[in-house]
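Encoded as structure tokens, the structure appears first; notes follow it.
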């Protein structure tokens, strides 16, 4: 009976493992050479490895662009209803209602605009409106997300951009408040109660900012004490619940307060 053999057995039996090694390397390297040659023909440059942008990098982009809310009343306010219709109200009390698309188009290039969503909207729907605003205008807009009478505004972080991992180092001073779909609040990794009881969050933030102020802990590239903070809500929570959390944060020294609207969890 004829004994069947394969290439692997023949190479091993030959007694020279170098042949097997070289054969394996050829199998691995040849496709890479073909791909490299093809890319060269098409004039393509090899891609650099990149990592997702960090929250800190987006915060730095916002602060450098000056995309932080003003503390004065806006000349125009866009009120967003639960049905995603829009009403544009001017400081003169004049107002006009139209489709949201038309309203947003009308604010392009106009400074000092406030977006005021209906508290009953889920945050995922609010985020979609803010995506649209971010696409049509390079101007920074306020988001009215608090009942604080002095400064009810927050800002949204810019669209994430890919960056090399060496660009931005993790910053231990970064503060992120997460709000889960069941209303639980987390400050970085610490559990901080819920949207119905924000006492623990307020107390902890006051402690953190007092320490930073007393010890001169400065924001990167500035001479200002680092009191900035960002909030990342679940897409399924109500905007009214976000308002409760922002109200609690506004009781502390936190400023500016940013809102993450990308890569939201359900």
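What follows draws every value from the coordinates through simple rules; no lab data is involved. In this text the structure is predicted, and so the values were computed from the model without any measurement. Virtual Cβ from ideal backbone geometry, glycine too; neighbours counted across all protein chains shown.
Ordering 144-151, 120-127 by mean Cβ neighbour count within 10 Å, with the highest value first, yields 120-127, 144-151. Note on residue 99 and residue 204: with the Förster distance fixed at 41 Å, the Cβ-Cβ geometry gives a FRET efficiency of about 0.45.
Find how much the distance from residue 149 to residue 181 grows on full extension, using 0.36 nm per residue of separation minus their present alpha carbon separation; answer in nm with one decimal. My answer for the length gained is 8.7 nm.
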